Amino acid sequence: MKDFKRTLITTALPYANGPVHIGHLAGVYVPADIYARYLRLRGQDVLMIGGSDEHGVPITIKARKEGVTPQDIVDRYHNIIKDSFAEFGISFDVYGRTTSDTHRRVASDFFRRLYDKGEFVEKTSMQLYDEEAGQFLADRYVTGTCPHCGAEGAYGDQCEACGTSLNATDLVNPKSAITGSVPVMRETKHYYLPLDKWQGALEKWILEGHKEWKTNVYGQCKSWLDMGLQPRAVSRDLDWGIPVPVEGAEGKVLYVWFDAPIGYISNTIDLVGDDYTKWWKDPETRMLHFIGKDNIVFHCIVFPSMLMADGSYNLPDNVPANEFLNLEGDKISTSRNWAVWLHEYLRDFEGKQDVLRYVLTANAPETKDNDFTWADFQQRNNSELVAILGNFVNRAVVLTHKYFDGTVPAANPTEKETELQAEINDLKAKVTEALDNFHFREALKLAMDMARAGNRYLQETEPWKLAKTDMERTGTILNTALQICANLAIVFEPFLPFMSDKLLKMLGGDKISWDMLGCMDLVPAGAKIGEPVLLFEKIEDDAIQAQVQKLLDTKKANELQAWKPAPVKADCTYEDFEKVDIRVGKVLECSKVKKSKKLLQFLIDDGMEKRTILSGIALSYEDPSVLVGKEVCFIANFPPRKMMGIESQGMILSAVNPDGTLTVISPSAPVAPGASVG
C-alpha cells in the first residue's frame, strides 16, 4: 500500500431529523473513531470530518408532522447529535452542518462549476405529482411496494427491507406521504449527472485498482457497474434545500445526495480554511469514507463521479462500509422507534460510554448483519470488562499499594518476564495489522488477550503468596503487572478512551504513543501510583430489565399504532339477525373459575330470574369484582353449555381491543335488566 503524508477520514452525515442510535454508531462512528485515534497514536497527520445532513425530504416530513419549520427541526437535532457524539467520545476534528453559509456557498459553487463545464444534461421527464398537495413528490414523499423484494412501505429512494436504491417511479402502487392520495404523472425538467460517462473510469479505478476493498463494498460496486450506469438527477422540486444556482431553475433545489457529500469539503474548509486543498487535492493525502452499506453506491459511484467531473479532487482510497446492526432480533427502525438512542443511553448508563463502545465493537457488523441484545451487553460488561480487564488492573494496583505502599518496585526480570514481553509484542504486531486492515473486532479481541495474559501471569506467579518469603521477586512481578497495565492503557485507547485516560492517571502517566506499546519500562521504578479506582462496575439485572421493558413497551405501542379493524364478515340477513336475542343484564356476582385461566363466572339479573354465564375474559380483568353492579349485554337464547362442570346460560358480549384485551359491552345509560337490544 502506498505511504501517504496524511489521512482524511469522513463519516456519513446523519439526517438531522432525529437522534443517532446504536446502528449508526456500530456502522460508522465507532469504527471511524477507533481508526482516527489509532492514527493519532501513530503520530500521523489525520483529520476526522463529520456533520449533520440537514436537507432532504425526511427533514421536511418531520417538520410537517410537528407543525414547525425545517430549520426548527435541524437546529434541534443537530445539537442533540453533536452533543451526544462529544459525550460519547467520538473525536471529530470538526462537526459541521449543511445549512451553514460556508456549505451553501461551496455546494452552489461546485454545482455551478460542473454546469459551466457542461457536465450536466437537462432532461424533461414524467414525475409523480400530488394533486391534493399541489407539488411534485421527491424521494421520501412517496411510499409503495418495492419492485425487487415486494416489501410494503418502501421509500421513493430506497427500500429499507432489502436495501435496494430506487427511484420514486419504480414503486408499485405508489402513494403520497403528504396526503395519502395516489399521485399522477406530470412533466418536469431536471439536471442529471451522466454517471454512464464515467463508467469506464469507475471500472478502472474500482474493479482494477481497489480489489483490496471489503467484499461487500467491492461486490456492490461491481453489481452497479455490471448493470450499466444511468444518468442520475441532481435536482429536486422542493422548497427546502440549496437552490439550484442557474437561471430557469426556480423552485428547484440540489438533490440531497449531491449536496450532502460536498459537506465533507465545506466542513473541512470551516476547520482549516484555504488549507483544505492540502486535504482534498494533494495526492499525498489518503481519503477514507466510513459509511454503512446503504450508502455504498453514493460514496463509491455518485460522489466519485462528481469529483471526476470536477477534475481537481482526490478520490477515496478506501470505503470501509459495515453491514447493519439489528436490535433484539429485529431491524432497527427510526420510524418505529425500535432503537437504542445514544442520548438516552448516556442518560440511563451515566459514565458507561466505554461499555457501549466495547460491545458495539466486539459485535460489529463488519462482514454480515449482527444483533445487539441487552443480555449480551450485560454479559460482556460483567464477564469481560469487569472480570478480565478491570480485575487485572485492580489486582495489580491494589497489591502494589498493599506490599509497597503505592511505590513502583524495582524489577529483576527472569525468563518468565522475557517470555511475557515477547507475547505482548506479538499481540502488538497482530493488533497493528488488524487495525491497519480495518478489522476492528479482531483488534479488540487481541487487545483483551493482552489483559488475559496479565491475569494469567498473576495467577501463575501468585505474588500474594511470594510476599511472605521473597519481596524482591514479588516486586518484579508487580512491576511487570504495572507495565502491562500501562500497555493496556495504550492498546485500548482507540477503543475505550475513557478507561484509558482513567488508567493513565492511576499510573501517573499522561502522554502515550503507539511506539511505546510493548515496552516494559513505561512506569518507572520508584514512582508513586494513584489509589486504585474501579475501571468498570457490574451491571445488575434490574438495569437491563428496564431497557428490555422499554423495548417491549415500544413493540406494544407499534402494534397498537398498526392496528386495523378486522374485515367485515359475509353478509347476514335481517331475518338471521332477528333470531339473536340480545339483552341487558346486571352483574350480581363475578369470580374466576377454579382451574381455568380464561373463564369468569357471572351471576346475571336478567329481569326475570338469575342466570349463570361463563365468559373467557379473565385475562382482561385481573380483579373480576370491578364488574359487579355493571350492566352488560348478553345473548339470552344460546342453548345452555357446560364448561369446567358449570352450565353457562348465554354469552357475554365484549369488544376486542387493538392490544388483544377484551372489554365487556355496557349501555351508556342505566337500562332495566331484561331490556332487549335491537
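The values are calculated or read from the model by the stated rules, or taken from the named source; none is laboratory data. Since the structure is predicted, the reported quantities are computational estimates derived from the model, not experimental observations. Here the Cβ positions follow ideal geometry from the backbone for every residue, glycine too, while neighbour counts run over all protein chains shown. Remember, those area values only see protein heavy atoms, side chains included, never the ligands or the DNA or RNA. Shrake-Rupley method; radii C 1.70, N 1.55, O 1.52, S 1.80 Å.
Among L356, V74, P183, pick out the residue whose Cα is farthest towards the positive end of the charge dipole of the chain, where Lys and Arg carry +1 and Asp and Glu carry -1 on C-beta, about the Cα centre.
Going by the charge dipole, the pick is L356.
If amide H atoms are built 1.01 Å from N in the plane of the peptide, which residues on other chains or at least 5 residues away come under 5 Å of the amide H of R97?
Under 5 Å from the amide H of R97: S52.
Heads up, I need the accessible area for R232: 1.4 angstrom probe, whole protein in place, Å², nearest 10.
Per-residue accessible area (R232): approximately 40 Å².
When only DSSP loop residues count, what GluC sites (Glu not before Pro) in the range 486-567 have their Cβ near at most 12 other Cβ atoms within 10 Å?
Passing both the DSSP loop test and the Cβ count: E540.
Stretched out fully, how many nm does the piece from D116 to V94 gain, at 0.36 nm a residue minus the Cα gap?
4.8 nm
Based only on Cα atoms, what mean projected area does the convex hull of the range 258-391 have, in nm²?
The directionally averaged projection comes out at 11.2 nm².
Of [x] 35.4; [y] 44.5; [z] 41.0, which is the value of mean projected area of the Cα convex hull in nm² derived from the coordinates here?
Computed from these coordinates, mean projected area of the Cα convex hull in nm² corresponds to label [z].
I need the phi-derived Karplus couplings for the range 8-19: 6.51 cos²θ - 1.76 cosθ + 1.60, θ = phi - 60°, integer Hz, Gly and Pro marked x.
9, 10, 10, 10, 3, 7, x, 4, 8, 10, x, x
Between V677 and K65, what FRET efficiency follows from the Cβ-Cβ distance if R0 is 41 Å, with the result rounded to 0.05?
0.50
Considering only Y276, P14, G150, whose Cα is most displaced toward the positive end of the charge dipole of the chain, charges sitting on Cβ of Lys, Arg (+1) and Asp, Glu (-1)?
Sorting the options by dipole projection puts first G150.
Given just the C-alpha atoms of the range 52-172, how large is their convex hull per residue in cubic angstrom?
Convex hull volume per residue, Cα atoms: 175 Å³.
Round to the nearest 0.05 the FRET efficiency obtained for D571 and K511 when R0 = 56 Å and r is the Cβ-Cβ distance.
The computed FRET efficiency comes out at 0.10.
Under the definition of Cα pairs under 8 Å and six or more residues apart, what whole-number percent is the relative contact order of the range 619-668?
Reported relative contact order: 36 percent.
From zero up to wherever the largest Cα-Cα distance of the range 575-678 sits, split into 10 Å bins and tell me the percent of pairs in each.
Spelled out bin by bin, the range 575-678 gives 15, 49, 31, 4 percent.
Can you tell me the length gained on complete extension of the stretch Q44 to D470, counting 0.36 nm per residue apart and subtracting the Cα distance?
Gain in length upon complete extension: 148.8 nm.
Given C-alpha coordinates of the range 511-573, what is the ratio Rg to Rh with the Kirkwood estimate of Rh?
My calculation puts Rg/Rh at 1.54.
Would you be so kind as to identify all helices of the chain, as entire DSSP H runs, whose Cα atoms reach 20 Å or more along the helix's own axis and whose mean Kyte-Doolittle hydropathy is at least -1.0?
Result, helices passing both filters: 70-88, 256-272, 415-436, 440-461, 471-491, 541-562.
Kindly count the pairs of lysines across the range 410-521 whose alpha carbons are less than 24 Å apart, treating pairs on different chains or eight or more residues apart as eligible.
Lysine pairs meeting both conditions in the range 410-521 amount to 13.
Full-extension gain between L534 and D274, please, as 0.36 nm times their residue separation minus the C-alpha to C-alpha distance.
Taking 0.36 nm per residue and subtracting the Cα distance, the gain is 89.0 nm.
Can you give the helix-only mean residue ellipticity at 222 nm for the chain, where every DSSP H stretch with n ≥ 4 adds -39500 (n - 2.57) and the sum goes over all residues, rounded to the nearest 500 deg cm²/dmol?
For the chain, the value works out to -11500 deg cm²/dmol.
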